[in-house]
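No value in this document is a laboratory result; all are computed from the given coordinates. From a predicted model like this one, the values you see are computed outputs, not experimental measurements. Glycine gets a Cβ as well: all are built from the backbone with ideal geometry, and neighbour counts include every protein chain shown.
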Amino acid sequence: MNHRTAGAAAGTKPAQAIRQPLDAQAAGLMILFCLAIGFQQVAIKSVADAISPLAQIGIRSVAALVLVVAAARWRGIALWVPDQFGPGLVVGIGYTLEFAFVALGLNYTYASHMSVFLYTAPVFAAIGLHFFVAGEHLGPRHWAGVALSFAGLIVALAPSAHVSGRVLIGDALGVAAGLSWAATTLALRTSTLSEAPPLRTIAYQLIVAGALLLPAAGLLGDLDAIQMTPLAWASLSFQSFIVSFAALLVWFWLLRRYLASRLGIFAFLSPIFGVGFGVVLLGDPISLNFAFGGLAILAGLLLVNSRGRRRAAPDASA
């Protein structure tokens, strides 16, 4: 999630690549991506007693960064480009905030709830892209989807007899994670990183996350309490190799070639997978208001990312 910005120090704009509608290849990769991302909340929550969620995110970021650096060296890709340090730092902070909110939220709420609220991100991103990125403008149908998603969000977050205040705190942190993800998408699409190699973008995200979250986990005493059980090894391996490396690489590769709002048509799959994994593997309960609100959010996502007519976007240079 990339464009209309000043390029480097000279202030020139980066070349604008033409994003394509989705094809079969993009659809297949997005399904695999959504499966991996939908499972990550369960992977984190399942070993939270052995490794705190915050420590997990920090450790997996450092492990994945090693893979990214190795892959970049093998492919001859420069990761540290001076005039992209600024955008890289911004994107890295957005990514770090996203997963800090996820980690903190999972201490309070269910993995299934986090999966749904995190994936409000495509709705927030679509609004930002509408205002700042040429070719990503929303039409009436898409705005109806935005309204439906926000209505679902209100319903899903409403207190109920079956949801404690503690769970609501975690749910709110999930929404904050979604906002952070959307902000990261917008920052990427409107910076010189828009056309950067995916490995470079991932490196900026991971190095900032590792540099901030590992010390934070250490200050909280989380690193001293780590217990490396077999399940903890499996979870960290999945998060490091699949979620933070392979899935991110696929995601940014797709963003460079396809319309971000079109890729979002598959966004509804991740929370569905996440809820399913949470209910089946962790026994997460599903309250009535969360079920109805979650369905409304997903229906809104479908409308936001539908192929309805869009207004002609203004010229990027205007």
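Quick check: convex hull of the Cα atoms in the range 44-304, volume per residue, rounded to a whole Å³?
Cα-based convex hull of the range 44-304, divided per residue, equals 116 Å³.
What area, in nm² and to one decimal, does the C-alpha convex hull of the range 154-242 cast on average over all directions?
Working: hull surface 35.3 nm².
For the range 154-242, averaging the hull's shadow over all directions gives 8.8 nm².
Hey, fewest Cβ within 10 Å first, where do THR120, THR190 land in order? Don't skip to the end; give the middle numbers.
On the way: THR120 27, THR190 21.
Lowest to highest Cβ neighbour count: THR190, THR120.
Listing MET30, MET228, MET114 from the residue with the fewest other Cβ atoms within 10 Å to the one with the most, what is the order? Write down the numbers at each step before the final one.
Values: MET30 23, MET228 11, MET114 33.
Ranked by crowding around the Cβ, least crowded first: MET228, MET30, MET114.
Which one, VAL280, THR192, LEU67, is farthest towards the positive end of the dipole of the range 44-304 when Lys and Arg carry +1 and Asp and Glu -1 on their Cβ?
Of the listed residues, the answer is THR192.
Work out from phi, with θ = phi - 60° and the Karplus expression 6.51 cos²θ - 1.76 cosθ + 1.60, the ³J(HN,Hα) of each residue of the range 55-65, listed in order in whole Hz, and give x for Gly and Pro.
Result, ordered by residue: 5, 4, 5, x, 5, 5, 5, 5, 4, 5, 4 Hz.
Going by how many other beta carbons lie within 10 Å of each one, how would you line up HIS113, HIS130, fewest first?
HIS130, HIS113
Give me a comma-separated list of calculated 3J(HN,Hα) values for the range 223-231, in order, Karplus coefficients 6.51, -1.76, 1.60 applied at θ = phi - 60°, integers in Hz, x for any Gly or Pro.
5, 6, 9, 5, 10, 7, 7, x, 5
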